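Novice: Let me give you the structure first, and then I'll get to my questions.
The values are calculated or read from the model by the stated rules, or taken from the named source; none is laboratory data. Fair warning: this is a prediction, and the values are worked out from it, not measured in the lab. Quick reminder, even Gly has a Cβ in these numbers, built from the backbone with ideal geometry, and neighbours come from all protein chains shown. Ligands, DNA and RNA are excluded from the accessible area calculation, which covers all protein heavy atoms including side chains. Shrake-Rupley method; radii C 1.70, N 1.55, O 1.52, S 1.80 Å.
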Amino acid sequence: MPYVAVSVLSHSGLLREGNEDSLVVGPWTLCTTVTENPQTQVFPLGMPLVVAVTDGLGGHPGGDMASAMAARRIASIGPVLSSQDAVRDALNACNRAVSEAAGGLGSELSTTGTTVAGVVVQPGSLPVLNVGDSRVFAASRGGLRQMSVDDSPPLDPGERTTPLITLCLGGTPVYRPIRPHVTATPVASGDRYLIFTDGLTNLLTTDVLDEVMREYEDGRAAFELWKAAIAAGGPENITLAVVRVGDE
């Protein structure tokens, strides 16, 4: 029977006092908390299964609130996200919800926001979604291939990453419409995906990510990626999901 194995890990890193990242795996959410070890869940391949990460904007008060709100909203409507249009509508609804909630909390929290990135696993087609700089990669024998689109300004010569983003859910004092990135790709047994926040992006090159994904699967891959980020200094929150489509 076809199935989806999802292994996740979320950690505050070494320097941040709290964790402003959240996770969605189907109806399950892990919001702004820390997992000491990878958690793996297995689902039948059938109705749409959302796997996503959200990352509250660093330097903006209330980032934890924004990421948790987006994660819970996506989880609550995940089973109906069977088309690209439905995914776009859901992300636009999240954007409005975060903006309106932040606007009602006073000027200090009016610019709180969050990024989001993930996939919707279902038979035949897999929508990939993102707003901001959290990323989705497809992992194959040919290497890693980025499926998401970074909402970031152009990099200066010599730069590999930037902390700046040009689009997020919320993040402005007044509601601003967005155009989420949503594309679809075929899904088949053996497909693997890596979804993560900038706690990995800013520290680990694609070559390192690819090496770990080639050597390990599922929870061990999640653990080794986290360990590599911690060894590199771990200044950011680190949240990731490894998704594998299998067929027993």
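Novice: Let me know the shape class of the stretch 204-248, please: from the alpha-carbon gyration tensor, a ≥ b ≥ c as square roots of the eigenvalues, rounded when a/c is under 1.5, otherwise prolate if a/b is greater than b/c, or oblate.
Specialist: Note, shape of the stretch 204-248 comes out prolate.
Novice: Moving on to the next point. As a test question: what accessible area, to the nearest 10 Å², does E236 have when a 1.4 Å probe is rolled over all protein chains in place?
Specialist: Around 50 Å² of this residue is reachable by solvent.
Novice: Kindly sort W28, W226 by accessible area of their heavy atoms, largest first, with the probe set to 1.4 Å.
Specialist: Descending accessible area places them as W28, W226.
Novice: Taking the Cβ of E20 as the center, what net charge do the other residues with Cβ under 11 Å away carry, scoring Lys and Arg +1 and Asp and Glu -1?
Specialist: After counting each charged neighbour, the total is -4.
Novice: In square angstrom, rounded to the nearest 10, how much accessible surface does I74 have for a 1.4 Å probe?
Specialist: Estimated to the nearest 10 Å², I74 gives 10 Å².
Novice: Around R244, under 10 Å between beta carbons, what's the net of Lys plus Arg minus Asp minus Glu among the other residues?
Specialist: Value of the local net charge: -2.
Novice: Sorting F223, F43, F137 by accessible area (1.4 Å probe), largest first, what list results?
Specialist: Of F223, F43, F137, the descending order of accessible area is F223, F43, F137.
Novice: Turning to a different aspect of this structure: What longest region of the chain stays clear of trypsin sites (Lys or Arg not before Pro) that DSSP places outside H, G, I, E and B and that have at most 11 other Cβ atoms within 10 Å?
Specialist: That gives 1-140 as the longest site-free run.
Novice: Follow-up question, since we're still on this one. Go ahead and estimate [θ] at 222 nm for the chain from helices alone: -39,500 (n - 2.57) per DSSP H run with n ≥ 4, summed, over the residue count, rounded to 500. Walk me through the numbers before you get to the answer.
Specialist: Details: 5 runs with 63 residues, N = 248.
Per the formula, -8000 deg cm²/dmol.
Novice: Principal axis extents for the chain, Cα atoms only, whole Å, descending order, please.
Specialist: Between the extreme Cα coordinates on each principal axis of the chain lie 53, 40, 35 Å.
Novice: Further question: Per residue, how much accessible area does the stretch 91-173 show when a 1.4 Å probe rolls over the protein heavy atoms, in square angstrom?
Specialist: Accessible surface, normalised per residue, equals 41 Å².
Novice: If you roll a 1.4 Å probe over the heavy atoms of the protein chains, what accessible area per residue do you get for the stretch 177-248, in Å²?
Specialist: Computed with neighbouring chains in place, this is 41 Å² per residue.
Novice: What are the ³J(HN,Hα) values, in whole Hz, obtained from phi via the Karplus relation 6.51 cos²θ - 1.76 cosθ + 1.60 with θ = phi - 60°, for each residue of the stretch 229-245 in sequence order, with x given for Gly and Pro?
Specialist: 5, 5, 5, 8, x, x, x, 10, 4, 10, 9, 8, 9, 10, 10, 10, 9
Novice: Which whole number in µm²/s is D for the stretch 109-216 by Stokes-Einstein, with the Kirkwood Rh taken over Cα pairs at 25 °C and 0.890 mPa s?
Specialist: It diffuses with D of about 162 µm²/s by this estimate.
Novice: Amide H to amide H, which residues 5 or more places from A184 or on other chains are under 5 Å from it, using H placed in the peptide plane?
Specialist: Answer set, sorted by chain and number: V128.
Novice: Which whole-angstrom value gives the distance between the alpha carbon centres of the stretch 201-248 and the stretch 2-40?
Specialist: 13
Novice: Using the Cα gyration tensor of the stretch 46-172, with a ≥ b ≥ c the square roots of its eigenvalues, what is the shape: rounded (a/c below 1.5), prolate (a/b larger than b/c) or oblate (neither)?
Specialist: oblate
Novice: Another question about this same structure. Ranked from the most accessible area to the least, with a 1.4 Å probe and all protein chains present, what is the order of H11, H181?
Specialist: Listed by decreasing accessible area, they come as H181, H11.
Novice: Sorted from largest down, give the three principal axis spans of the alpha carbons of the stretch 156-209, whole angstrom values.
Specialist: Cα spread of the stretch 156-209 along its principal axes, largest to smallest: 44, 32, 19 Å.
Novice: Could you please state how large a percent of the accessible area of the chain is carbon and sulfur, counting protein chains only and using a 1.4 Å probe?
Specialist: Here it works out to 52 percent.
Novice: Let a ≥ b ≥ c be the square roots of the eigenvalues of the Cα gyration tensor of the stretch 1-42; is it rounded (a/c under 1.5), or, if not, prolate (a/b larger than b/c) or oblate?
Specialist: It is prolate, given that a/c is not under 1.5 and a/b is the larger ratio.
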